[in-house]
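Single-structure report; data block below.
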Amino acid sequence: MATTADAKIYRIPVLEDGTAGSLQLFASGEAIDASQGTTEALHGADGMMFDVRGNLYVTANSAQHPAPGLPGELQVLSPEGRLIARYDGVGQHDLDFPASLVFHERAIYITNLSLTDGGANSKLSVMGVPFPGEALRP
């Protein structure tokens, strides 16, 4: 579960009886920035999906780019919660407030909210990834 306002991701274990366990902090953008010397980690964390290696792909729709461009990145966390990759686009491929994502084999499809222009640049971005997504389970 992502909390967009405070750049944190929590996990909720499923107990033996199928009920939800206690909320556990998995990753904090503030802690990642402090320990890894990054900025904007998990800022605006929104959509999330795992790949088959247990890496968590997160749309950080408010992360600001170092260069001029639209807000938003795709950030990848290791199974231990370490930031291991950041993706953004340039020009027409720039992510624009990325929100939701889904894997299809070794591609990831990302919806863009396009908040600053009333949706004029809403689009679906597609990117190749090193590993396929984890199969969804009921």
Around LYS123: net Lys/Arg minus Asp/Glu count, Cβ-Cβ under 15 Å: -4
Structure-based [θ]222 nm, the chain - -39500 (n - 2.57) summed over DSSP H runs of at least 4, per residue, nearest 500: -1500 deg cm²/dmol
R0 of 30 Å, Cβ-Cβ distance ILE84-ALA107: FRET efficiency to nearest 0.05: 0.95
Order by protection proxy (mean Cβ within 10 Å, highest first), peptides 111-117, 56-62: 56-62, 111-117
Those GluC sites (Glu not before Pro) in region 47-125 that DSSP places in a loop and that have at most 14 other beta carbons within 10 Å: GLU80, GLU105
Relative counts (whole %) of C-alpha pair distances in region 1-72, using bins that are 10 Å wide: 20, 43, 29, 7, 2
Fluctuation leader among ILE12, ILE32, ILE84 - the chain, Gaussian network, Cα springs under 10 angstrom: ILE12
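All of the numbers you see were taken from the coordinates with simple rules; none came from a lab. Not measured: the values here are computed from a predicted model. We place every Cβ from the backbone using ideal geometry, glycine too, and count neighbours over all the protein chains shown.
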